[in-house]
Each structure stands twice: as C-alpha cells, then as structure tokens.
Amino acid sequence: MPADPAAAGYTPALLSLGQYENAQHAMATSASTMVLYVNPDLVEQAGGSMDDFPTDFDGIIELAAKIDALGDNIEGVWIGRHDWRFQSLLGSHGGRPLNEDESDVTFDSEAGLTAASLYNRFTTEGGMESWGQDDARQAFPAGTLGMFFESSSLLKRFEEGAAGNFEVVVKGTPVVAEENVYFPTGGSAIVILSDDEEKQAAAWEYVSFVTGPEGQKIIVENTGYAPANKIVLDDESYLGAYYAANPNAIVGHTQVANHAGPWYAYPGAEGVAVTDLIGAALVELAEGAEVEATVNELAETVRLQLGIN
C-alpha cells in the first residue's frame with residue numbers, strides 16, 4: 001500500500017470494501033450503489049419539477065403518490081424487497097445490519113425501524129405495486145414507472161431502453177444521518193495470493209495500475225460501474241469528457257467515493273437463508289405489516305438462525 005492512500009485516490013470508504021479486521025485483504029476495482037432513477041416527464045406531469053426535486057424520503061413519497069394518481073397504468077415508485085436494498089436504506093440512516101464484531105444483529109435499532117418503515121410507506125402512501133424485479137426493470141424504461149431505486153450499474157441499460165421515450169435522470173439515494181452513512185457496495189475486487197516476493201511485486205504493479213486512475217478510467221468507460229479511485233473524479237483530465245457526455249454517471253460515482261461500505265454477508269452456514277428471511281419480511285412490510293413488530297420478530301429469528309444468544 002502507498003504511504004498516503006488518500007493521495008493515491010484510495011478514500012477510507014473505498015478501502016473499506018477490501019478490509020477485514022482492520023487489515024487490507026483486497027482492493028476494489030469496480031463498484032455500484034443504489035441510486036434513484038427518475039422519469040422527468042412523469043414528474044412534470046404530476047406537477048413536480050426536476051429543478052426542485054425532493055432530496056428526502058418524505059418528498060419522494062409525496063411525489064410518488066402524485067405520479068401514481070396520473071393513471072391506472074402509471075406507478076410512482078418501486079424498490080426491491082431485497083436485503084441489499086434494505087441495507088442501502090439502513091445505511092442512509094446511519095444503521096448497520098450487525099455490530100462491529102458481528103456478535104449481534106443491530107437492524108432492530110431506531111435507524112433500522114425507520115428504514116424498514118419506508119417499505120410500508122412506499123406502498124401505503126406512495127402506491128407502490130407488488131411487482132417482481134423484472135416487472136419494475138421493464139416498466140421503468142417503458143415509461144410507466146416514475147421513480148426506481150436500483151443499482152447504479154444498470155444506468156446504460158436503462159438509458160438505452162428509454163431512448164426515444166424519455167431522458168433518464170439519476171439522483172442519489174437520500175442521506176438521512178449526519179454521520180456513519182454507508183451504502184452497501186457491489187462490484188469486484190482484486191487480491192494477491194502468492195507468497196513469492198517477486199511475484200507479489202509484479203502482481204502489485206498490476207493491482208496499482210488497475211485500481212489507479214488510468215485503469216479505472218478504462219473500467220468506467222467500458223462498464224456501468226463506478227470507479228474505485230477518487231482521483232478520476234477530482235481530476236477532469238481522466239473522465240471530464242466522459243462525465244460531460246454522461247452526467248448521470250457522476251451521481252452514482254460520487255456516492256461510491258463518499259459513502260461506499262461493505263455489503264454485509266451474514267456469518268455462518270445460514271447466512272444466505274437469513275437474506276431470504278429478510279426479503280420475506282420486506283414483502284410483509286410492503287403489504288402493510290406493522291413495522292416495529294415485524295422488524296423485532298425478524299431480528300429475533302435471525303439471531304436464532306445465526307446462533308446468536
């Protein structure tokens with residue numbers, strides 16, 4: 001690692017993606033977080049304005065209801081009933097799924113309850129439909145869904161799908177907390193496995209390039225992923241022309257640089273089963289279940305599943 005990681009473009013948020021127990025085990029090479037895709041035509045038809053677009057969840061829900069009222073075939077907002085999406089809402093409120101040493105569940109905190117309540121509110125106040133993910137991914141570029149919380153890596157797909165229909169606009173996921181904000185980050189990372197010092201040196205030369213500004217410029221220009229190096233955001237000589245031609249991209253890319261965090265994997269053999277339990281609870285919340293009781297019951301079930309006393 002360089003003596004000054006920040007000067008090399010590796011922010012603490014980016015480094016955290018490859019850290020475990022305060023040691024750097026990997027370096028991120030591409031990243032994506034949850035952003036809000038917006039159909040500006042539906043926003044304007046509903047009396048809203050992209051120049052005064054809401055920056056908090058309350059405003060987004062209010063706008064969703066107005067879009068939803070435009071017609072039976074028009075929907076205001078949608079978010080997947082999925083652990084990664086919930087972790088994104090949780091992180092925006094400063095919460096975490098687990099405590100630091102992973103010895104207890106913490107999504108039943110005030111931050112977790114508030115984040116979980118959004119699934120209920122999106123439905124009861126914003127008119128969110130009980131769609132599957134594929135339904136939403138088809139509806140948005142077709143022009144029948146006003147706002148869609150989804151991965152930033154799908155930007156090119158949605159822009160191409162909506163071409164000739166409307167111009168996609170990307171907004172960041174609202175940040176609620178004043179500190180400890182994180183957005184679970186998907187993507188890829190690179191590791192060095194050799195114990196041979198000569199091979200390590202050669203591998204590090206490649207890792208330095210691929211995670212440095214030159215390598216990241218190549219990755220960004222050829223994929224929908226955000227860069228894992230902040231220099232390419234700060235120095236316009238790298239991606240200035242790209243961002244000028246693709247203004248939507250910088251929203252998700254800046255979000256990664258500032259708030260990237262781990263996509264928590266629940267420990268143990270039952271970790272995958274836990275994500276299924278969370279998804280099922282999110283469905284219940286979206287269908288009107290009482291928030292505090294549902295989240296508290298889920299937390300206790302997850303503790304039992306993971307063997308946490």
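The values are calculated or read from the model by the stated rules, or taken from the named source; none is laboratory data. Because the structure is a prediction, the values reported are computed rather than measured. No Cβ is skipped: glycine too gets one built from the backbone with ideal geometry, and neighbour counts run over all protein chains shown. Areas reflect the complete protein model, heavy atoms only, side chains present, ligands, DNA and RNA absent. Shrake-Rupley method; radii C 1.70, N 1.55, O 1.52, S 1.80 Å.
Tabulated data for the structure shown
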| item | result |
| --- | --- |
| Residue tally, condition surrounded by 23 or more Cβ atoms within 10 Å (Cβ to Cβ) and free of Cβ contacts under 8 Å to residues at least 40 places away in the same chain, over region 101-121 | 1 |
| Some residue of region 146-158 being within 20 Å of D68 (Cα to Cα), open to solvent by 30 Å² or more (accessible area, probe 1.4 Å) and assigned to a helix (DSSP H, G or I) | no |
| Residue count for region 69-82, restricted to those that are open to solvent by 40 Å² or more (accessible area, probe 1.4 Å) and aromatic (F, W, Y) | 0 |
| Residues of region 183-218 satisfying the condition of being among the hydroxyl-bearing types (S, T, Y) and closer than 28 Å to A249 by Cα | T185, S188, Y206, S208, T211 |
| Considering residues of region 245-281 that are polar (S, T, N, Q) and in a loop (DSSP other than H, G, I, E, B) only, the residue most open to solvent (accessible area, probe 1.4 Å) | N246 |
| Subset of region 49-70 [in contact with a strand residue (DSSP E or B) (Cβ under 9 Å, 6 or more places away or on another chain) and among the small types (G, A, S)] | A64, A65, A69 |
| Residue satisfying all of: in region 159-169; of a type in the set (A, V, I, L, M, F, W, C) and surrounded by fewer than 20 Cβ atoms within 10 Å (Cβ to Cβ); nearest to the chain's Cα centre (by Cα) among these | V169 |
| Matching residues, region 214-244, being crowded, with 16+ Cβ neighbours inside 10 Å, over 21 Å from T185 (Cα atoms) and of a type in the set (A, V, I, L, M) | L239 |
| Flag if I61 is in contact with an Asp or Glu (Cβ under 6 Å, 6 or more places away or on another chain), assigned to a helix (DSSP H, G or I), of a type in the set (A, V, I, L, M, F, W, C) and touching a residue at least 12 places away in the same chain (Cβ under 8 Å) | yes |
| Qualifying residue in region 244-259 (condition: over 20 Å from the mean Cα position of the chain (by Cα) and either under 30 Å from R121 (Cα atoms) or of a type outside the set (A, V, I, L, M, F, W, C) (or both)) | no |
| E179, sole failed condition from (1) at pLDDT 95 or above; (2) open to solvent by 40 Å² or more (accessible area, probe 1.4 Å) | (1) |
| T211 under 23 Å from F183 (Cβ atoms), of a type in the set (V, I, T), open to solvent by less than 60 Å² (accessible area, probe 1.4 Å) and within 18 Å of the chain's Cα centre (by Cα) | no |
| Residues (within 11 Å of Y119 (Cβ to Cβ) and open to solvent by 60 Å² or more (accessible area, probe 1.4 Å)) located in region 284-309 | E284, E287 |
| The one condition in (1) open to solvent by less than 50 Å² (accessible area, probe 1.4 Å); (2) part of a loop (DSSP other than H, G, I, E, B) that R85 fails to fulfil | (2) |
| Residue within region 55-68 that is surrounded by fewer than 16 Cβ atoms within 10 Å (Cβ to Cβ), at pLDDT 90 or above and over 23 Å from A115 (Cβ atoms) present | no |
| Neighbours by Cβ (under 7 Å, 6+ apart or cross-chain): first from region 159-180, under 16 Å from A13 (Cβ atoms) and in contact (Cβ under 8 Å) with a residue 12 or more places away in the chain; second assigned to a loop (DSSP other than H, G, I, E, B) and not aliphatic (A, V, I, L, M) | A177/H93; A177/G94; E179/G94; N180/G94 |
| Criterion: open to solvent by 10 Å² or more (accessible area, probe 1.4 Å) and assigned to a loop (DSSP other than H, G, I, E, B) - qualifying residue of W131, W204 | W131 |
| Residue in region 31-58 that is nearest to G80 (Cα to Cα), counting only those that are among the acidic types (D, E) and part of a helix (DSSP H, G or I) | D58 |
| Number of positions in region 182-200 that are open to solvent by 50 Å² or more (accessible area, probe 1.4 Å), part of a loop (DSSP other than H, G, I, E, B) and of a type outside the set (D, E, K, R) | 3 |
